[in-house]
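Accompanying notes for the structure given below.
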């Protein structure tokens, strides 16, 4: 419920209970609409990424994905790093950007991520990819529900998890040179746990942000940026699960 403050503590004029109830009902309805918008953006982004990845990798060794990523050239690096550029642009430029600009960048990011992730269809079997996706969807739904409903403050957990993400990046870079299969397995297992925790944390943070922006023109921007955070949690969780349990194409 909203933390509606009464400028006259202790005062209870006639009709105040009904007015407070109306305000709380309006807040709850607004929160539901806000969260639904966030999940609609996030889900649509994930589906768009999946469709683009599948189409780009269609044909296996003769697909555009194979030509780009196995054939070498500059284009593969543009595809690989452009999503990161967009994330930084959205994160640091959101205050100056219009909501429509953020929307456009979000969809462009989803498409570019699809192009980048198309390589999983060249490496893993379709059964493995489908299994990892549905396992991620089920786990993400449960964790997001927990983050939405729990009364526990997950802020401290969020700080710990962000440090964990930095650790994963460092360990992954080191393993690019070591090519250690055991370390890769550990990174994948820890990655699943870290992004599972972030799914719950980011859901709670998304919910709490509504109280700060409700009734302002910032709502649209917060919806898109929150959807981006949840999208990243989902995709990373999916990739780590796929690396843990996925089977190679025959």
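Of the residues making up region 141-164, those that are surrounded by 15 or more Cβ atoms within 10 Å (Cβ to Cβ) and part of a helix (DSSP H, G or I) number 8. When region 88-101 is filtered for residues that are surrounded by fewer than 16 Cβ atoms within 10 Å (Cβ to Cβ), in a helix (DSSP H, G or I) and out of contact with any helix residue (DSSP H, G or I) (no Cβ under 7 Å at 6 or more places or on another chain), the ones remaining, listed by number, are 88, 91, 92, 93, 100. For the residues 176, 244, the requirement of being part of a helix (DSSP H, G or I) and either within 13 Å of the chain's Cα centre (by Cα) or under 22 Å from residue 126 (Cα atoms) (or both) singles out 244.
The set of residues in region 179-200 that are over 16 Å from the mean Cα position of the chain (by Cα) and either under 30 Å from residue 34 (Cβ atoms) or assigned to a helix (DSSP H, G or I) (or both) comprises 181, 182, 183, 184, 185, 186, 187, 188, 189, 190.
Does residue 201 meet the test of being within 30 Å of residue 27 (Cβ to Cβ), touching a helix residue (DSSP H, G or I) at 6+ places or on another chain (Cβ under 6 Å), surrounded by fewer than 19 Cβ atoms within 10 Å (Cβ to Cβ) and without any contact (Cβ under 8 Å) to a residue 60 or more places away in the chain? No, not satisfied.
Filter region 51-67 down to the residues that are outside any loop (DSSP other than H, G, I, E, B) and surrounded by fewer than 19 Cβ atoms within 10 Å (Cβ to Cβ) and list them by number. It would help to see each step written out before you state the result.
If we filter region 51-67 for residues that are outside any loop (DSSP other than H, G, I, E, B), which is where we start, we get 51-56, 60-62, 64-67.
Answer for region 51-67, where residues must be outside any loop (DSSP other than H, G, I, E, B) and surrounded by fewer than 19 Cβ atoms within 10 Å (Cβ to Cβ): 51, 54, 55, 60, 61, 62, 64, 66, 67.
Screening residue 223 against (1) under 20 Å from the mean Cα position of the chain (by Cα); (2) farther than 27 Å from residue 50 by Cα leaves a single unmet condition, (2). Quick check on my filter: what residues within region 102-122 are surrounded by fewer than 22 Cβ atoms within 10 Å (Cβ to Cβ) and outside any helix (DSSP H, G or I)? The one that is surrounded by fewer than 22 Cβ atoms within 10 Å (Cβ to Cβ) and outside any helix (DSSP H, G or I): 119. With respect to (1) at pLDDT 95 or above; (2) closer than 30 Å to residue 204 by Cα, the lone exception for residue 55 is condition (2).
Which one is surrounded by the fewest Cβ atoms within 10 Å (Cβ to Cβ), of the residues in region 204-214 that are over 17 Å from residue 106 (Cβ atoms) and without any contact (Cβ under 8 Å) to a residue 60 or more places away in the chain?
In this case the residue turns out to be 212.
The values are calculated or read from the model by the stated rules, or taken from the named source; none is laboratory data. Every value quoted in this text rests on a predicted model; they were computed, and no experiment measured them. Ideal geometry is used to build each Cβ from the backbone, glycine not excepted, and the neighbour counts take in all protein chains shown.
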